[in-house]
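Structure record follows, encoded as structure tokens.
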Amino acid sequence: MSQTARTHGAQLRIPATYMRGGTSKGVFFRLDDLPEAARVPGEARDRLLLRVIGSPDPYQKQIDGMGGATSSTSKTVILSKSDSPDHDVDYLFGQVAIDRAFVDWSGNCGNLSAAVGPFAVANGLVDPARVPDNGVVEVRIWQVNIAKTIVCQVPVTDGQVQESGDFELDGVTFPAAEVPVAFKDPADGEGAIFPTGNLVDDLAVPGVGTLEATLINAGIPTVFVNAADLGYTGTELQEAINNDAEALARFEAIRAHGALKMGLIKELAEATARQHTPKVAFVAPPASYSASSGKAVEAGEIDLLVRALSMGKLHHAMMGTAAVAIASAAAIEGTLVNRAAGGGKRNAVTFGHPSGTLRVGAEASLVGGRWVIDEAVMSRSARVLMEGWVRVPAETL
């Protein structure tokens, strides 16, 4: 027997599904399919998910795992049948760092939320009596990370999830079936949409300056700043930001100081252990530009421009949760997002992002002196890419 055979066990074989949801991809697990030690939060679960995705990887390629070396493709989802009579499935999201041994559980992935509904139907997590032979089934999702309800409208044909279709989503190459997603009461906490109480704050960032900022907790905590205040037009693509180390450092400083002002952290140093939240985004009035695919985006077809960073890099399109934050902020007169869109009362906006455009909607109302968002809505698509088993070395656990 070789030395390797004596010291290393066989690989673990774990049922899993690799899915695209919106402009993200992730590895989906049923909670009951995980090794027993990983069925509860803790180090064993984190070690398993890191190894599945291929992190930490100092080469930042995730070659030895399922990750795709971007924040959009370094994601994991754990699902289980909900005990709540008002929900079908409990959804837990883990954002896996690429070059560090860290899984961030502090927020949701809005894009993968669109895949949770189809997965739940296909894997028996929704009562079969609620699934029509042909039509649409409303899947009620409890988002465990942020304790919020999400509702997916999942198309069904001949008793099976309908994945193919004509719906086109900028940032995704091929069309698929449309999956409308509603984020109910998306404000973080008990309706605390604006944690500072202000629609616009002065955010002092050493080395950058004092910036106007809208700090909002809706969908995901987000720090919005004006593109012009940073010397940008809002039409930038990934290479303009991600190839500029100084720019990335400035955005991280803005993010960290925004997190401190929002009360998400108590000390600035804590920001490094909370990479998934908050997001930082910059906005500008409409302008024409060429998207990353070469597609022309005309100023007249959008209400504003938005670029957002995720896990320290400019996102190739737009995070679903950040789109909820955009819709919510746009619906409230006076925020930087609303101003960039031309001001006034509005319940929907179409914004330009690096891959094209996206339309999102939200209804805002002032109740007892506090802003409330009933729900934010957008359409995504989702598709199973591969299903079977993932394998990890036995010593992982």
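The values are calculated or read from the model by the stated rules, or taken from the named source; none is laboratory data. None of the values given here were measured: they were computed from a predicted structure. Positions of Cβ are generated from backbone atoms using ideal geometry, with glycine treated the same way; all protein chains shown enter the neighbour counts. We work out accessible area using only protein heavy atoms, side chains counted, and drop any ligands, DNA or RNA first. Shrake-Rupley method; radii C 1.70, N 1.55, O 1.52, S 1.80 Å.
Within the range 120-138, does at least one residue satisfy the condition of being touching a Pro at 6+ places or on another chain (Cβ under 7 Å) and more than 24 Å from G388 (Cα to Cα)?
So far as the range 120-138 goes, yes, one or more of its residues are touching a Pro at 6+ places or on another chain (Cβ under 7 Å) and more than 24 Å from G388 (Cα to Cα).
Taking the criterion of being in contact (Cβ under 8 Å) with a residue 40 or more places away in the chain and over 22 Å from the mean Cα position of the chain (by Cα), the only residue of the range 131-163 that qualifies is V161.
Does at least one position in the range 7-20 carry a residue that is within 28 Å of P221 (Cβ to Cβ) and either touching a helix residue (DSSP H, G or I) at 6+ places or on another chain (Cβ under 7 Å) or surrounded by 15 or more Cβ atoms within 10 Å (Cβ to Cβ) (or both)? Looking for residues that are within 28 Å of P221 (Cβ to Cβ) and either touching a helix residue (DSSP H, G or I) at 6+ places or on another chain (Cβ under 7 Å) or surrounded by 15 or more Cβ atoms within 10 Å (Cβ to Cβ) (or both), one finds at least one in the range 7-20, hence yes.
Identify the residue in the range 46-55 that is in a helix (DSSP H, G or I) and open to solvent by less than 30 Å² (accessible area, probe 1.4 Å) and, among all such residues, is nearest to N145 (Cα to Cα). Steps first, please.
Taking the range 46-55 as the starting set, the residues that turn out to be in a helix (DSSP H, G or I) are 46-53.
From what's left, open to solvent by less than 30 Å² (accessible area, probe 1.4 Å): 48-50, 52-53.
On the way: L48: 19, L49: 16, L50: 18, V52: 20, I53: 20 Å.
Among those that are in a helix (DSSP H, G or I) and open to solvent by less than 30 Å² (accessible area, probe 1.4 Å), it is L49.
Quick grid of which residues meet (1) among the hydroxyl-bearing types (S, T, Y); (2) surrounded by 18 or more Cβ atoms within 10 Å (Cβ to Cβ):
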{"site": "E138", "(1), (2)": "no, no"}
{"site": "I141", "(1), (2)": "no, yes"}
{"site": "V161", "(1), (2)": "no, yes"}
{"site": "P186", "(1), (2)": "no, yes"}
{"site": "T233", "(1), (2)": "yes, no"}
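Residue count for the range 294-314 satisfying the condition of being in contact with a helix residue (DSSP H, G or I) (Cβ under 7 Å, 6 or more places away or on another chain) and either closer than 21 Å to S106 by Cβ or open to solvent by 10 Å² or more (accessible area, probe 1.4 Å) (or both): 7.
Just to check your reading of the model, which residue among A323, A330, A291, A341 is over 17 Å from V223 (Cβ atoms), touching a Leu at 6+ places or on another chain (Cβ under 9 Å) and surrounded by 24 or more Cβ atoms within 10 Å (Cβ to Cβ)? Give the steps one after another, and end with the answer.
Numbers: A323 fails: over 17 Å from V223 (Cβ atoms); A330 fails: over 17 Å from V223 (Cβ atoms); A291 fails: surrounded by 24 or more Cβ atoms within 10 Å (Cβ to Cβ).
Every option except A341 fails the conditions.
Mind checking which residues of the range 56-70 are open to solvent by less than 20 Å² (accessible area, probe 1.4 Å) and under 19 Å from the mean Cα position of the chain (by Cα)?
Result: G67, single match.
Checking A176 against (1) open to solvent by less than 10 Å² (accessible area, probe 1.4 Å); (2) within 16 Å of the chain's Cα centre (by Cα); (3) farther than 22 Å from P41 by Cβ, which test does it fail? Result: A176 fails condition (2) only. Within the range 15-33, residues that are acidic (D, E) sit with their Cβ atoms under 8 Å from residues that are assigned to a strand (DSSP E or B), at 6+ positions apart or across chains, in these pairs: D32/S80; D33/I14; D33/P15; D33/A16. Going through the range 13-26 one residue at a time, which ones are touching a Leu at 6+ places or on another chain (Cβ under 8 Å) and either under 22 Å from A176 (Cβ atoms) or among the charged types (D, E, K, R) (or both)? Answer for the range 13-26, where residues must be touching a Leu at 6+ places or on another chain (Cβ under 8 Å) and either under 22 Å from A176 (Cβ atoms) or among the charged types (D, E, K, R) (or both): Y18, M19, R20, G21, G22, T23, S24, K25, G26.
Kindly indicate whether A213 is out of contact with any Lys or Arg (no Cβ under 7 Å at 6 or more places or on another chain) and within 13 Å of A329 (Cα to Cα).
So A213 passes the test.
For the range 348-397, which fully contained strands (runs of 3 or more DSSP E) count at least 1 residues that are charged (D, E, K, R) and open to solvent by 10 Å² or more (accessible area, probe 1.4 Å)? Walk me through it before giving the result.
Working: elements: 348-353, 356-367, 370-380, 382-393.
Those strands (runs of 3 or more DSSP E) span 356-367, 370-380, 382-393.
Taking the range 243-259 on its own, how many of its residues are more than 19 Å from the chain's Cα centre (by Cα), open to solvent by less than 40 Å² (accessible area, probe 1.4 Å) and within 25 Å of T357 (Cα to Cα)? The qualifying residues number 2. T157 meets all of the listed conditions (1) in contact with a His (Cβ under 6 Å, 6 or more places away or on another chain); (2) surrounded by fewer than 17 Cβ atoms within 10 Å (Cβ to Cβ) but one, namely (1).
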